[in-house]
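No lab work stands behind these numbers, since they all come straight from the coordinates. In this text the structure is predicted, and so the values were computed from the model without any measurement. Here the Cβ is made from the backbone with ideal geometry for all residues, glycine too, and neighbour counts use every protein chain on show.
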Amino acid sequence: MDKFDRRILACLQADATLAVADIAQRVGLSATPCWRRIQKLEAAGVITKRVALLDPEKLNVGVTVFVSVRTSEHDMAWLQRFAEGVASISEVVELYRMSGDVDYLLRIQVPDIAAYDAVYKRLIGLARLQDVSSSFAMERIKSTTELPLAYIADK
């Protein structure tokens, strides 16, 4: 990956709706080589998806809840049951397996505490959990989907 690829990725992270001609102009290439590079980045799995980012407040899911889960079970059958169950809960927008004191961390988007309580009840019904701890975000200070590109090794 070279400086052109990094610039293309920066453009697409900022606005995936940009026309290839606009991206090409911004990165200093003509349209055809720019399009070929984008196709290569997609084929290589660097670009995994192009999406629209939605405003949670305008969709009435402006309450962000971070949920820490601990379990005393650490086998594949438990993990598969838990992961598949969590995947079926649309309010859970992120799920991570963690190191340290917490086994799993979830980010949940809901309209209010009552809606979170309903999600909580579904969550505890999925699999045996040792501890579930919820923290409500008071304010979103920084939120981005743009990944840092400074760590990409030059060709």
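Calculate, in whole percent, how much of the Cα-Cα pair population of the chain lies beyond 18 Å.
When all Cα pairs of the chain are counted, 67 percent exceed 18 Å.
Starting from 0.36 nm per residue, how many nanometres of slack lie between I124 and L54 once their C-alpha separation is accounted for?
Answer, rounded to one decimal: 22.4 nm.
Among A16, A31, T48, pick out the residue whose Cα is farthest towards the positive end of the charge dipole of the chain, where Lys and Arg carry +1 and Asp and Glu carry -1 on C-beta, about the Cα centre.
Value computed over the given set: A31.
Residues in segment 99-133 near a label at E73, defined as backbone nitrogen under 13 Å from the 7 Å Cα→Cβ point?
Once the point is set 7 Å along Cα→Cβ of E73, 124-131 turn out to lie under 13 Å by backbone N, inside segment 99-133.
Going by C-beta contacts inside 10 Å, put L53, L106, L12, L149 in order with the fewest on the left.
Going from least to most buried by this count: L53, L149, L12, L106.
Order by neighbour count: C34, C11, fewest other Cβ atoms within 10 Å first, most last.
Values: C34 23, C11 19.
If I rank by nearby Cβ atoms, fewest first, I get C11, C34.
Taking the Cα centre of the chain as origin, work out the dipole magnitude from +1 charges on Lys and Arg Cβ and -1 charges on Asp and Glu Cβ, in debye rounded to 20. Please list the in-between numbers first.
Numbers: 20 positive and 20 negative charges, 127 e Å.
Approximately 600 debye in magnitude.
Normalising by the residue count of the chain, find the relative contact order in percent from Cα pairs under 8 Å and 6+ residues apart.
30 percent
Nearest 500 deg cm²/dmol is fine: what mean residue ellipticity at 222 nm does the chain get from its DSSP H runs of n ≥ 4 alone, each adding -39,500 (n - 2.57), divided by its residue count? Could you put the intermediate results ahead of the total?
Details: 5 runs with 57 residues, N = 155.
That comes out to -11500 deg cm²/dmol.
Return the lysines within reach of K142: Cα separation strictly under 26 angstrom, same-chain partners fewer than 8 residues apart disregarded; answer none if there are no such residues.
K49, K58
Given the convex hull of the Cα atoms of segment 69-154, what is a quarter of its surface area in nm²?
Mean projected area for segment 69-154: 7.9 nm², to one decimal.
I'd like the distance separating the alpha-carbon centroids of segment 79-100 and segment 1-31, in whole Å.
34 Å
Checking the cross-link filter: which aspartates and glutamates have an alpha carbon closer than 20 Å to that of K40, excluding same-chain neighbours under 8 positions apart?
Filter leaves D2, D5, D15, D22, E146, D154.
Give me the extension gain from F136 to M98: residue separation times 0.36 nm, minus the current Cα-Cα distance, reported in nm with one decimal.
Taking F136 through M98 to full extension adds about 11.8 nm, to one decimal.
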